[in-house]
Structures are given as structure tokens and as C-alpha cells.
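Heads up: the structure comes next, in C-alpha cells.
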């Protein structure tokens, strides 16, 4: 008996519009930042919008490694509400991370930004989101975060 191999397949893209960064300050393990999620869209196998509430709670460690934990919700075009918890990390050369903090453009290929989204919904059509593992490859822009969501198969 062999163990199944892991592979991924693209499923959908989440584009989350973000508000101004709120800095809570140095907490002892790093600088805590809160970034409001103010809307956005979902395209691909699922279509809809990112609801205008929620936030990404970040800790920027001394080596500039950023731990991310976003909590927000999606609403599909057919009315289903899907709660999202998306944990991950962003890391790269310090000078490029500093540019991102200032809102300057950086080629996403130069930054390691990966997430593990988990979904919850009571809508039967989208229960499969709760029965699979997903990974995301993301890019940070001045006004939004774009996440390509892949299902682990």
C-alpha cells in the first residue's frame, strides 16, 4: 500500500482590499500591526465579494519575518456566507519588506508569502471548503492583498 502523493490545484483568487495599518507597538515578540479588511472580490471556482469587516493581525519579528492571521468573511454570488481564517507568513529581503511597508511596489516573486486558509460555512453547496486542505500564494500591494487559493489533492 502506498501513501497518496500531494499535489495542488488552483481553485479561486481572493482580492482583499485593505485599510490603513494600525500599529499597536512592540509587544516583546515583535511589533503588532492590525490591518483592516474593507472589501474585495473572489473570482474563480467561487465568485463573490469579501465582506467589509475583519482584519489581518500581524506580528513583525526582529528579523522582519511577518506572522499573519487574518479573519474575515466572503459572500458568494448566490448568497452563501463563508468565514475565513487565514494564517501564514511573509518573508524576504529586508529592503524589499521595508518598501512594502511604505506602500511601494515590489515584485511578488521576490517575497515569500504563503498562507493556509480554513473555511467555515453552513451552506451545503460550499461544505467541501471545510472538507479539504488549502494553501495560498499571496502578494501584498499598497491597497490590497491578492491570494491564489489552491486545494491540496
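Throughout, read-outs are computed from the coordinates displayed, never taken from laboratory work. As the structure is a prediction and not an experimental result, all values here were calculated from the model. When we count neighbours, we look across all protein chains shown, and the Cβ atoms used for this are built from the backbone with ideal geometry, even at glycine.
Which residues among region 118-153 fall inside the zone where the amide N is under 16 Å from a point 7 Å beyond the Cα of residue 5, along Cα→Cβ? Only 152-153 pass the distance filter. Fewest-first ordering of 102, 114 by other beta carbons within 10 Å of each residue's beta carbon gives 102, 114.
Helix-only arithmetic for the chain: the sum of -39500 (n - 2.57) across DSSP H runs with n ≥ 4, divided by the residue total, places the mean residue ellipticity at 222 nm at -1500 deg cm²/dmol. Between residue 114 and residue 78, the contour length at 0.36 nm per residue exceeds the alpha carbon distance by 10.1 nm. Once you divide the Cα radius of gyration of region 8-152 by 2.2 N^0.38 Å, the number left is 1.03.
Spatially, region 77-153 and region 1-73 are offset by 5 Å when compared through their Cα centroids. For residue 32 and residue 123, the FRET efficiency from 1/(1 + (r/R0)^6), where r spans their Cβ atoms and R0 equals 30 Å, is about 0.35. In this structure, residue 107 and residue 143 have a Cβ-Cβ separation that, at R0 = 25 Å, corresponds to a calculated FRET efficiency of about 0.90.
Could you order the peptides 124-136, 86-98, 46-58 from most to least packed, using the average number of other C-beta atoms within 10 Å per residue? Show your work: numbers first, answer last.
Details: 124-136: 14.3, 86-98: 16.1, 46-58: 18.1.
Going by the mean number of other Cβ atoms within 10 Å, highest first, we get 46-58, 86-98, 124-136.
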